[in-house]
2 protein chains.
Amino acid sequence: MKQNKVVISGGGLVGSLAACYFAKRGWIVEVYEKRPDPRDPDNVGKRNHRSINLAISTRGLSSINRLSPDVEKKVMDIVLPMYGRMIHGLDGSTSAQAYSILGKAINSVDRGILNEILLDQCETFEGTKVFFQHSLEHCDMDAKTATFKNIVTGEDVFTSADLIIGADGAHSPTRKFLQYYTKVNIEQKYIDHGYMELEMKAKDGNFAMDKEHLHIWPRKTFMLIALPNLDKSFTCTLFMPWSKFESIKTEEDLNEFFEEYFPDSIPLFGQESINEFFTNPKGALFYVKCTPHHYKSNAVIVGDAAHCTVPFYAQGMNCGFEDIETLDTLLCEQAAPLIDSKDPVACQNIKTSSLTPEQIEAALIKYTGCRPRDSASMIDLAMYNYIEMRHSVNTFSYKARLWLEGKLHLIMPKVVIPLYTMVSFSKISYTDATIQWKKQTKALQNVVSVFTKLTLATVAVLLVKYSGPRLGLRLPSFAEVAKIFRK
Amino acid sequence: MKQNKVVISGGGLVGSLAACYFAKRGWIVEVYEKRPDPRDPDNVGKRNHRSINLAISTRGLSSINRLSPDVEKKVMDIVLPMYGRMIHGLDGSTSAQAYSILGKAINSVDRGILNEILLDQCETFEGTKVFFQHSLEHCDMDAKTATFKNIVTGEDVFTSADLIIGADGAHSPTRKFLQYYTKVNIEQKYIDHGYMELEMKAKDGNFAMDKEHLHIWPRKTFMLIALPNLDKSFTCTLFMPWSKFESIKTEEDLNEFFEEYFPDSIPLFGQESINEFFTNPKGALFYVKCTPHHYKSNAVIVGDAAHCTVPFYAQGMNCGFEDIETLDTLLCEQAAPLIDSKDPVACQNIKTSSLTPEQIEAALIKYTGCRPRDSASMIDLAMYNYIEMRHSVNTFSYKARLWLEGKLHLIMPKVVIPLYTMVSFSKISYTDATIQWKKQTKALQNVVSVFTKLTLATVAVLLVKYSGPRLGLRLPSFAEVAKIFRK
């Protein structure tokens, strides 16, 4: 029987998860990753310019669970659950906002450690090879061949496959090649804000703040956030307009800035960590939406390569993992049409490694039928959530709605679902979540509007009834109103 | 005195016009063009997959005039003016719609011949070199260097410049390199329609149809258009949904299609030309908007490289030429701040070849300050105009508005200007034209709406007054209405 081979460009989080999935389904797997092996002792702790911790939630975990409940357990052993937001006021006061009325949590996880778990896992499969320090040079999507450059030796490595997967990140070379082979609609947008990470070290051997919350200092046009790490430090990220970054030039500017906006954080950081502002790299924030995500049966892009997002809903990785689960589901559907392809247990032993190109293409067409739209919805939600995190969380109307939606969710758990719950604690597609959220918003607005109108009408009637005589006004009787239209 | 050097990637229409301008302003100019020299007798008549004729209008001509009134004259000698649209009905009837109430025309021009005029012109300047069959391989926008590959010999040619201009078309390699150096927002969108050109040969040594119009067969979801050529043929272009193209499989399908939709064109084409449907290439239709268009003082993109459009307003080249005029105006402003930089005569002898990088950057910042927005507006207008051309021109409301706007334009030439006039016969920025057009639309709608309401109210009052008694209704008197609100 034919055994298909997949070549994956990129061995980051999504690439290594894809490798595990395809290996499990019986494929020969080759992964080519630009960076050095993170497990190599020489490289441990080498910081790249990416965020070092992420929040994994239901979608991400579901995808790992479908791969293997054991791996999910390994991951859950290294996460720190965050049950809500801890809002830090200007006066140093804090107030907690739960993510879920049912006590659910999102999980702070170290990008590097998670990547290592997945790399270890994919290498347990025979027939899977991971090549580090190899970057995609050329990809012929008709011939299904690719050339990678060994960055160390300068050598070119030529390979061919039945399917090429681009999991090579926000500036994906695979996405660029895809455009030579098919018409790709693209929207790429940089926002006027950047980010910088600052470290808040452990204090006397313990966390400097409550470790069960994601900390936010919302300051309307900018914000500071903090996620806990296993070593009891917090990774803090400052999100601000570029102009604000540029306005802080001296240590004096910086201290003034912290004193004005994040006074309670100063003793927690310590001056040394705050001063890293002048040496730490700043990152750009942008998103990329595109469609289609595939070319024939030959190539498909996943993760950031297919949908790079701003980070404000912590869904970048979760959506990327969901890509892989979706792709696997669609391939299983082709291999075993009689089995419920969404059921991880029922699919446990399905092999997809002898699917024909026609079957693979059928799966990829369905993939492009849903993922571009869903990931675009996710990006829109993330853009919206920046405003929520840095501003709305501080407003009365937001808190009132949060409270009301929470209560309604308890009474009618299927009719009213808070947006955060749909995005982070469910597998409802991002598109459906957005539609449902807009409907709920409209319904809530309508209720408020009807109440407002009834109240106003009552006030008006009462006003005329009781103050009318003094003002020379009276309410016409029903008979009078009716009469004037009759002869 | 320092003499700046410009390297231009692309020697098509916009690239060769840019070469002329920079040479005129005293720069050393190198142009690298991927295709072979169109003036080489071996290449004449070799058809590439681009449209062979275009419509040049006020913006394009203005830019050539600023370069040299003599060149403008040369161009005007090879154009065929089109004074309006000739609408072909399903029954073979035709009706003309003038482009301008003042008798203005757009001009059908052969892409190849226009390109040759501009190439000849730029080569009249000493210090200007054009290299054909060289394509951009690499561009270091910090070092201001570029490597072009000689397609014939395979050799790499390395060059450096004070300014690098990307005029290398819709799939611009320069635009791709620009993204490594600066944050570029991009929107690229393919529409679900494609196009195909068909030739309508001269009939008995003369034009087969009226040569002073752009012919349109508007068929709601698709259309056929025809532009006259110097050799008395017409180049016809079929714009249709891809699905429609695919539905025509046999000669029988094709003949049925033509008989149903373009019956009057069949004798004009002849069966042989119609059958080219099965061999002629089909083209995709897409647009690209992006911003910024420059990097420091080092590089700038122009023409299709900066703003690729769908062709429905015939503004792609005109906008590209306007780019070059704008760029020249901004550079002249830096070189001679006391001269009116928009006045071609006053600027005749200005040299910009010894501008400093700071001055060039100042000009490019202003360039990015206007051109991305203006060209995006142009693209939006072109997308809109597809609907107008293939459908609206057939509707009563469109014709009524066209008539009304025309009349109002005669009475108040500065207050009401038809959109087509602003776009094709003025140099009002595309953005301002769009704003003005929306305002006009709203004002016209308001007038219509007030008239409609007044008419309806009058009808209602008359109805109650005259038919009321029979129906048991009467109008309340003013005194009665007033009384019920008084005690």
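The values are calculated or read from the model by the stated rules, or taken from the named source; none is laboratory data. Source: prediction; values computed, not measured. Virtual Cβ from ideal backbone geometry, glycine too; neighbours counted across all protein chains shown. Just so you know, the surface numbers come from the protein's heavy atoms only, side chains and all, with ligands and any DNA or RNA stripped out. Shrake-Rupley method; radii C 1.70, N 1.55, O 1.52, S 1.80 Å.
Exactly one residue out of A:Phe158, A:Phe125 is assigned to a loop (DSSP other than H, G, I, E, B), modelled with pLDDT of 95 or more and either within 14 Å of another protein chain (Cβ to nearest Cβ) or open to solvent by 20 Å² or more (accessible area, probe 1.4 Å) (or both), and it is A:Phe125.
Within the range B:176-213, the set of residues being in contact with an Asp or Glu (Cβ under 8 Å, 6 or more places away or on another chain), away from chain A (no Cβ under 13 Å) and part of a strand (DSSP E or B) comprises B:Leu198, B:Glu199. Based on what the data block shows, is A:Ala170 part of a loop (DSSP other than H, G, I, E, B), away from chain B (no Cβ under 14 Å) and over 19 Å from A:Phe22 (Cα atoms)? No, not satisfied. Scanning the range B:80-91 finds one or more residues that are over 25 Å from B:Pro311 (Cα atoms), surrounded by fewer than 18 Cβ atoms within 10 Å (Cβ to Cβ) and either in contact (Cβ under 8 Å) with a residue 60 or more places away in the chain or of a type outside the set (Phe, Trp, Tyr) (or both). Tell me which residues, restricted to the range A:429-468, are hydroxyl-bearing (Ser, Thr, Tyr), farther than 16 Å from A:Tyr384 by Cα and touching a helix residue (DSSP H, G or I) at 6+ places or on another chain (Cβ under 8 Å). Selection gives A:Ser429 alone. Where helices (runs of 4 or more DSSP H) fall entirely within the range B:383-487, those with at least 1 residues that are open to solvent by less than 30 Å² (accessible area, probe 1.4 Å) and in contact (Cβ under 8 Å) with a residue 40 or more places away in the chain are at B:396-411, B:419-424, B:430-471. Quick check: anything in the range B:358-376 within 30 Å of B:Val6 (Cβ to Cβ), in a helix (DSSP H, G or I), of a type in the set (S, T, N, Q) and touching a Cys at 6+ places or on another chain (Cβ under 9 Å)? Within the range B:358-376 (the criterion being within 30 Å of B:Val6 (Cβ to Cβ), in a helix (DSSP H, G or I), of a type in the set (S, T, N, Q) and touching a Cys at 6+ places or on another chain (Cβ under 9 Å)), the answer is yes, since at least one residue qualifies. Might you let me know whether the range B:205-218 holds any residue that is touching a residue at least 12 places away in the same chain (Cβ under 8 Å), among the hydrophobic types (A, V, I, L, M, F, W, C) and touching a Gly at 6+ places or on another chain (Cβ under 9 Å)? Among the residues of the range B:205-218, at least one is touching a residue at least 12 places away in the same chain (Cβ under 8 Å), among the hydrophobic types (A, V, I, L, M, F, W, C) and touching a Gly at 6+ places or on another chain (Cβ under 9 Å), which makes the answer yes. Of the residues that make up the range A:141-154, is at least one basic (Lys, Arg), buried (at least 18 other Cβ atoms within 10 Å of the Cβ) and under 28 Å from B:Thr182 (Cβ atoms)? Checked against the condition, which is being basic (Lys, Arg), buried (at least 18 other Cβ atoms within 10 Å of the Cβ) and under 28 Å from B:Thr182 (Cβ atoms), the range A:141-154 yields at least one hit. Give the range B:103-114 a look and list any residue that's open to solvent by 20 Å² or more (accessible area, probe 1.4 Å) and not charged (D, E, K, R), or say none. Hits for the range B:103-114 are B:Gly103, B:Ala105, B:Gly112, B:Ile113.
Taking (1) surrounded by fewer than 22 Cβ atoms within 10 Å (Cβ to Cβ); (2) modelled with pLDDT under 95 in turn, B:Phe277 satisfies each apart from (2). Specify the residue that is farthest from the other protein chains (Cβ to nearest Cβ); the eligible residues are those in the range B:460-487 that are farther than 16 Å from A:Pro476 by Cα and charged (D, E, K, R). By that ranking, first place goes to B:Lys465. Just one of the listed residues (B:Pro267, B:Pro241) is surrounded by fewer than 16 Cβ atoms within 10 Å (Cβ to Cβ) and touching a residue at least 12 places away in the same chain (Cβ under 8 Å), and it is B:Pro241.
Residues in the range B:318-334 that are of a type in the set (A, V, I, L, M, F, W, C) and open to solvent by less than 10 Å² (accessible area, probe 1.4 Å): B:Cys319, B:Phe321, B:Ile324, B:Leu327, B:Leu331, B:Cys332.
Rundown of residues vs (1) over 22 Å from the mean Cα position of the chain (by Cα); (2) modelled with pLDDT under 90; (3) in the same structural domain as B:Ala55 (by the TED database), yes/no style:
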| position | (1), (2), (3) |
| --- | --- |
| B:Ile339 | yes, no, yes |
| B:Thr352 | yes, no, yes |
| B:Thr356 | yes, no, yes |
| B:Tyr367 | no, no, yes |
| B:Ala382 | no, no, yes |
| B:Ala400 | yes, yes, no |
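Checked across the range B:138-150, the condition of being on the phi > 0 side of the Ramachandran plot and not charged (D, E, K, R) holds for no residue.
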